[in-house]
């Protein structure tokens, strides 16, 4: 079991590596937060970086979301298509705050159960920490499903040049 929310999957496609990268480039913008004009473009579904053998992308969002997955993909070519290795993880800042508050809750719970005997307070703090951890996993899984659906649409779209 992993300590922090993550998800991995392997996809096989008959598309070529070049076709996958081209499709990703069409819907992914390289973010420049200082350029307001590029932030207004609505044709993109993902922010991120596309490289020769992989990518690192995330959904474009309108408001802050701590549980948004960062999708790191690696592409390997085969004779009949490609194999995509996808890892969905929380952004490093979200991992830090989840770990920070989990440690704080465990420390306070330990403090109030041993040094300052207040078992009801220790239990309440522990339950708050457990709820926070469960909440992070649940919302991360929901956001992974949303990201997966968009990614699957991208892979399954027809190769019609009019699109």
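A short reminder: the numbers here are calculations on the coordinates, not readings from a lab. Since we're looking at a predicted model, the values are computed, not measured. Note that each Cβ is placed from the backbone with ideal geometry, even for glycine, and that neighbours are counted across all protein chains shown.
Residues in segment 82-94: is at least one surrounded by 13 or more Cβ atoms within 10 Å (Cβ to Cβ), part of a helix (DSSP H, G or I) and out of contact with any strand residue (DSSP E or B) (no Cβ under 6 Å at 6 or more places or on another chain)? So that I can check it myself, show each step before the final result.
Of all residues in segment 82-94, those surrounded by 13 or more Cβ atoms within 10 Å (Cβ to Cβ) come to 82-91, 94.
Narrowing further to those that are part of a helix (DSSP H, G or I): 94.
This time we only want the ones that are out of contact with any strand residue (DSSP E or B) (no Cβ under 6 Å at 6 or more places or on another chain), so: 94.
Within segment 82-94, one or more residues are surrounded by 13 or more Cβ atoms within 10 Å (Cβ to Cβ), part of a helix (DSSP H, G or I) and out of contact with any strand residue (DSSP E or B) (no Cβ under 6 Å at 6 or more places or on another chain).
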*Give 126, 112, 67 a once-over and let me know the one that is in a loop (DSSP other than H, G, I, E, B), touching a helix residue (DSSP H, G or I) at 6+ places or on another chain (Cβ under 8 Å) and buried (at least 17 other Cβ atoms within 10 Å of the Cβ).*
67
*asked:* Restricting to segment 1-26, give me the number of residues that are surrounded by fewer than 16 Cβ atoms within 10 Å (Cβ to Cβ), over 17 Å from the mean Cα position of the chain (by Cα) and without any contact (Cβ under 8 Å) to a residue 60 or more places away in the chain.
replied: 5
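Here's the yes/no breakdown for (1) within 18 Å of residue 26 (Cα to Cα); (2) in contact (Cβ under 8 Å) with a residue 60 or more places away in the chain; (3) more than 13 Å from the chain's Cα centre (by Cα):
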residue	(1), (2), (3)
59	yes, yes, no
62	no, no, yes
72	yes, no, no
91	no, no, no
98	no, yes, yes
129	no, no, yes
141	no, yes, no
147	yes, yes, no
